[in-house]
């Protein structure tokens, strides 16, 4: 982490943001491109039609701009991480787990209370957004093969 202080006294991670995100520079610095492992497609809510890329490891989903999957137009989504969608390279599987938020999330209408393996076209509800899960990697394909 490269902690910097802007002219207005805000602290921010300069590895993540080229300018202070609280002062209006919300755009993240370009990161090293990692291969896509799957997608979340917003089918309902403020980000309707938007596609989010999933990467290996943990993908944090929440309402703030610093999330990997940032649902900033969804006022019902928790600002902190509400759900984590993780791709496990060894098991070649995706798992959804509970984030730090107090708000509940749902998979196919069932409350997400513990880790749950995701299947093609599962629907994850975070706040007022419905996100359809579409895997690329799995038993039939991985970038390591």
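Identify which of the listed values of P(r) over Cα pairs in 10 Å bins from 0, in percent was calculated from the structure shown: (i) 12, 39, 32, 15, 2, 0; (ii) 12, 40, 29, 14, 4, 0; (iii) 12, 42, 33, 11, 2, 0.
(i)
Build a GNM of the chain with springs between Cα atoms under 10 Å: which of 93, 65, 14 gets the top mean-square fluctuation?
It is 14.
The range 28-90: percent of C-alpha pairs farther apart than 17 Å?
That tail contains 42 percent of the Cα-Cα pairs.
Springs between alpha-carbon atoms under 10 Å, Gaussian network over the chain: tell me which of 19, 72, 37 tops the mean-square fluctuations.
Looking only at 19, 72, 37, the largest GNM fluctuation is found for 19.
GNM, the chain, Cα, under 10 Å: largest mean-square fluctuation among 57, 38, 99?
Its mean-square fluctuation being the largest, the pick is 57.
No value in this document is a laboratory result; all are computed from the given coordinates. What you are looking at is a predicted structure, and each value in this text was computed from that prediction instead of being measured.
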